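Remarks on the structure that follows.
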């Protein structure tokens, strides 16, 4: 389900063979990402490329990882956010809770 690549000290995680982040994948995602962000000072990027739907349990898993990263002094952000997922983030007022990599999500984030 997840692929991990370490480039220049940055942990890059992406999904494999799924287009949904729902209750089936939320707990395994949380567990794997907790292992990574629990070490102080790590930089972690979760690519949502190919993910077209996230349910409540998926958002809860990501929020738990955001909170754990904050507690441990790690940096966690998401990238490759589809238009549909970005709209969900806005609708649920979660957009401000996530650090979204602007380079990868440029087409969905209005210019400042």
- Query: Is it true that residue 7 is over 26 Å from residue 91 (Cα atoms), over 11 Å from the mean Cα position of the chain (by Cα), surrounded by 14 or more Cβ atoms within 10 Å (Cβ to Cβ) and without any contact (Cβ under 8 Å) to a residue 40 or more places away in the chain?
  - Reply: no
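Can you name the residue in segment 49-59 that is in a loop (DSSP other than H, G, I, E, B) and touching a helix residue (DSSP H, G or I) at 6+ places or on another chain (Cβ under 9 Å) and is also nearest to residue 22 (Cα to Cα) among such residues? Please lay out each step first, then the result.
Within segment 49-59, the first condition is being in a loop (DSSP other than H, G, I, E, B), and the residues that meet it are 49-52, 55.
Those left that are additionally touching a helix residue (DSSP H, G or I) at 6+ places or on another chain (Cβ under 9 Å): 51-52, 55.
Numbers: 51: 10, 52: 11, 55: 5 Å.
Restricting to residues being in a loop (DSSP other than H, G, I, E, B) and touching a helix residue (DSSP H, G or I) at 6+ places or on another chain (Cβ under 9 Å), the top hit is 55.
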- Item | Single condition residue 62 does not satisfy, out of (1) outside any strand (DSSP E or B); (2) touching a helix residue (DSSP H, G or I) at 6+ places or on another chain (Cβ under 7 Å); (3) at pLDDT 90 or above; (4) surrounded by 19 or more Cβ atoms within 10 Å (Cβ to Cβ) | (2)
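Filter segment 10-29 down to the residues that are in a strand (DSSP E or B) and exposed (fewer than 15 other Cβ atoms within 10 Å of the Cβ) and list them by number. Working first, answer last.
Kept after step one, since they are in a strand (DSSP E or B), are these residues of segment 10-29: 10-15, 20-21.
Hit for segment 10-29 is 10, nothing else.
Using the structure shown, decide if residue 46 is within 25 Å of residue 8 (Cβ to Cβ) and assigned to a strand (DSSP E or B).
On the way: within 25 Å of residue 8 (Cβ to Cβ): yes; assigned to a strand (DSSP E or B): yes.
Here the answer is yes, as residue 46 does meet what is asked.
Going by what's in this entry, would residue 32 be described as within 15 Å of residue 12 (Cβ to Cβ) and outside any helix (DSSP H, G or I)? Can you show your working first?
Details: within 15 Å of residue 12 (Cβ to Cβ): yes; outside any helix (DSSP H, G or I): no.
No: the conditions fail for residue 32.
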- Task: Would you check which residues across segment 65-103 are loosely packed, with under 14 Cβ neighbours inside 10 Å, at pLDDT 90 or above and either outside any helix (DSSP H, G or I) or in contact with a helix residue (DSSP H, G or I) (Cβ under 8 Å, 6 or more places away or on another chain) (or both) and list them?
- Result: 73
- Query: Of the residues in segment 37-58, how many are more than 21 Å from residue 6 (Cα to Cα) and surrounded by fewer than 19 Cβ atoms within 10 Å (Cβ to Cβ)?
  - Reply: 5
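The values are calculated or read from the model by the stated rules, or taken from the named source; none is laboratory data. Quick caveat, the model's predicted, so the values are computed rather than measured. We place every Cβ from the backbone using ideal geometry, glycine too, and count neighbours over all the protein chains shown.
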